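Written below as structure tokens is the structure these notes are about.
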Amino acid sequence: MSLLESSQIESSVRALGEQVRPAIIAIDGPAASGKSTVGYRLAKALDYLFFDTGVMYRAVTWAALARGVAIEDEPAVGDLAHALEIDLCSPQPAQQDGRHATVRVDGQDVTWLIRAPEVDRNVSAVSAYCEVRRAMTAKQRQIAQRYGRGDADRPGIVLVGRDIGTVVVPDAALKLYVDATPEERARRRHHELHQQGKTISSEQVLADMMRRDRLDSERALAPLRPAADAVRIDNTGQSADATLVRALDALWATLGQL
Ligand code: CDP
Ligand code: CDP
């Protein structure tokens with residue numbers, strides 16, 4: 001199967017997708033585990049909406065930093081989360097710069113600004129706040145349920161995050177938990193940052209990432225953990241194609257139970 005061309009994999013996913021409509025697919029996992037890569041490719045092949053929920057927490061964090069709201073000021077950050085207009089839409093033809101979606105905060109395109117190392121370092125503190133989670137979870141659930149009911153422009157949705165299968169949509173048709181070793185994930189993230197022209201040492205990337213994973217896993221509200229019925233995929237040493245094939249296998253197995 002790993003010898004299959006990507007186009008063959010994607011056309012077989014499309015055939016599968018026609019049998020599971022409408023549907024919600026939930027993908028969780030730690031930083032740089034490859035969950036967006038597999039989620040985006042699954043969504044594209046199934047003609048589902050791809051929804052990376054992490055960008056919402058990043059957008060709140062970026063806005064707090066940009067507007068001088070102290071990250072430690074929980075009530076102020078919570079108010080900001082409720083007030084912000086966070087908009088996600090498909091990239092325009094002129095915006096083919098590797099983005100999966102364009103993210104706007106109060107009309108400003110922040111797609112790349114929310115990937116700054118400073119946002120990485122502060123996002124876990126922001127996402128642990130009760131009012132921030134309340135605001136983001138409500139929006140995510142509303143969108144997921146509309147697609148899940150078949151009331152939207154696409155026949156289904158793939159949501160990617162930390163608490164999708166456990167909190168946002170625990171009744172999703174398929175739940176995946178994607179992981180890889182911290183060293184491999186840090187290598188991937190370092191490579192990405194390097195490609196974007198950002199200078200940061202690989203040791204710093206690993207330290208920042210492990211700190212973020214720890215905060216995300218240990219927080220009281222909606223911590224990062226696999227749902228009891230999630231299919232776990234450890235893709236250490238595996239290509240994105242191989243991960244997609246394993247996600248496909250899980251989709252096949254789910255189909256058999258529908
Ligand atoms: O891309 P990466 O995996 O590094 O991070 P992300 O998915 O963009 O998420 C950024 C941060 O948002 C995470 O470290 C979590 O603190 C938070 N997050 C969350 O709490 N719940 C989610 N459903 C998604 C992200
Ligand atoms: O969404 P998440 O933070 O979990 O990770 P990602 O953005 O999907 O992947 C992080 C980086 O790892 C990207 O540059 C991917 O191309 C790369 N990747 C990889 O090298 N091997 C995989 N099996 C999956 C992703």
Subset of segment 71-108 (residues that are among the polar types (S, T, N, Q) and under 18 Å from the mean Cα position of the chain (by Cα)):
S90, T102
Search segment 35-88 for residues being among the basic types (K, R) and over 19 Å from E131 (Cα atoms), and hand back the single one that is most open to solvent (accessible area, probe 1.4 Å).
K44
Among the residues in segment 52-72, are any among the aromatic types (F, W, Y) and in a loop (DSSP other than H, G, I, E, B)?
no
Scope segment 186-239; condition within 21 Å of R133 (Cβ to Cβ), in contact (Cβ under 8 Å) with a residue 40 or more places away in the chain and among the basic types (K, R); matching residues:
R211, R212, R219, R225
Could you identify the single residue in L255, L244 that is at negative phi, open to solvent by less than 70 Å² (accessible area, probe 1.4 Å), within 19 Å of the chain's Cα centre (by Cα) and modelled with pLDDT under 95?
L244
Could you list, in sequence order, all residues of segment 191-239 that are open to solvent by less than 60 Å² (accessible area, probe 1.4 Å), basic (K, R) and part of a loop (DSSP other than H, G, I, E, B)?
K198, R219
Just checking, does segment 187-207 include any residue being of a type outside the set (V, I, T), touching an Asp or Glu at 6+ places or on another chain (Cβ under 6 Å), within 15 Å of ligand 2 (Cβ to nearest atom) and under 25 Å from S124 (Cα atoms)?
no
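The values are calculated or read from the model by the stated rules, or taken from the named source; none is laboratory data. Remember, predicted model here, so these are calculated numbers, not experimental data. Glycine gets a Cβ as well: all are built from the backbone with ideal geometry, and neighbour counts include every protein chain shown. Note: areas computed on protein heavy atoms with side chains; ligands, DNA, RNA excluded. Shrake-Rupley method; radii C 1.70, N 1.55, O 1.52, S 1.80 Å.
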